[in-house]
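Just so you know, all these numbers are worked out from the coordinates, no wet-lab data involved. Quantities reported herein were computed from a predicted structural model and do not represent experimental measurements. Cβ placement follows ideal geometry from the backbone for every residue including glycine, while neighbour counts extend to all protein chains displayed.
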Amino acid sequence: MVKEKPGSTRIYDKDGFRRRAACICVRSESENEVLLVTSSRSPDHWIIPGGGVEPEEEPSVTAVREVIEEAGVLGTLGRCLGVFEVRQEVNETYSFLIRTICINKNL
């Protein structure tokens, strides 16, 4: 199901969950450093970059797009870590790993 809102289009699954995608950005093979960004809705909360899946867009494409938009990170997309439901927010998030190549603060 697709819902139009001013400035965005939201995609929902058959159970009414909003489809989202996000990336856990790591800097090295050891995966011991993770990039977090502040939430635009709650500036005191740290989150992984992510956002809504657009119509006709695969979650992996959404994840890469969102990490560029929110963190200015370019990298190599890795494996899907899973799909996580947040029932109180009624969304499901496809989470991927991305190995950071560079961070562009001008993006």
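Electrostatic bookkeeping for ALA22 treats Lys and Arg as +1 and Asp and Glu as -1; over the other residues with beta carbon under 10 Å from its beta carbon, the sum is -1.
Would you mind telling me the antiparallel percentage of the DSSP bridges in the stretch 2-103, rounded to 5? Walk me through the intermediate numbers first.
On the way: 23 of 32 bridges.
That works out to approximately 70 percent antiparallel.
Fewest Cβ neighbours within 10 Å first, please rank ILE24, ILE101 accordingly. List each step's numbers first, then the result.
On the way: ILE24 19, ILE101 11.
In order of increasing Cβ crowding within 10 Å: ILE101, ILE24.
May I ask you to derive the FRET efficiency for LYS14 and LEU81 from their Cβ-Cβ distance with R0 = 35 Å, giving the value to the nearest 0.05?
Working from the Cβ atoms, E equals 0.95.
Taking the Cβ-Cβ separation of GLU89 and ASN32 as r and a Förster radius of 41 Å, what is the calculated FRET efficiency to the nearest 0.05? Efficiency at R0 = 41 Å is approximately 0.90. For the chain, the spread of Cα positions along the three principal axes, ordered from largest to smallest, is 38, 26, 26 Å.
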